[in-house]
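The block underneath contains the structure these notes are about, expressed in structure tokens.
The values are calculated or read from the model by the stated rules, or taken from the named source; none is laboratory data. This is a predicted model, so every value here is computed, not measured. Just so you know, the surface numbers come from the protein's heavy atoms only, side chains and all, with ligands and any DNA or RNA stripped out. Shrake-Rupley method; radii C 1.70, N 1.55, O 1.52, S 1.80 Å.
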Amino acid sequence: MQTPIFFELMLRQAAEMMNPKGLLWLILPVKQAEFVIQQAVRWKLYPCRRFQICSDAQKPAFRQLICLGFEDVPVRRDNVYIYAAQGVYTTQYQMLLKEFFLAF
């Protein structure tokens, strides 16, 4: 795990460099995402989007994709499932990554 100081520095620097409508997107392990969201408020950064990334619908999230901005708005929450069945990617996952993988 990265040290709390790393995340605090990242948040401070992001808040200093972002324009008022800017957004900071991060993909983090669940525990670190929760920590970052709690710490972000110190720099007036608030979550506006949160994606739970799961292997499939029966498994818990192992990563979160979070979006932070200066506006304190209701958080939009979504789930991203990687697999529809063993070895079969979901259409959602394929659409998200099609620009990066030739296999899709």
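Some notes on this structure:
- The stretch 14-78 - percent of accessible surface contributed by carbon and sulfur, probe 1.4 Å: 57
- For the stretch 10-104, the per residue solvent-accessible surface stands at 67 Å², with DNA, RNA and ligands left out and a 1.4 Å probe.
- Dividing the summed -39500 (n - 2.57) terms of all DSSP H runs of n ≥ 4 by the residue count of the chain sets its mean residue ellipticity at 222 nm at -9000 deg cm²/dmol.
- Taking Cα atoms only, the orientation of helix 30-40 departs from the longest principal axis of the chain by about 30 degrees.
- The heavy atoms of residue 83 offer some 80 square angstrom of accessible surface to a 1.4 angstrom probe.
- DSSP bridge pairs, the chain: antiparallel proportion in percent, nearest 5: 75
- Exposure rank, largest accessible area first [102, 96, 9; 1.4 Å]: 102, 96, 9
- Overall form of the stretch 1-52 per C-alpha gyration tensor (a/c, 1.5; a/b vs b/c): oblate
- Considering only 77, 49, 63, the Gaussian network model of the chain with Cα springs below 10 Å gives its largest mean-square fluctuation to 77.
- Degrees, to the nearest 10: 4-17 long Cα axis against longest axis of the chain: 70
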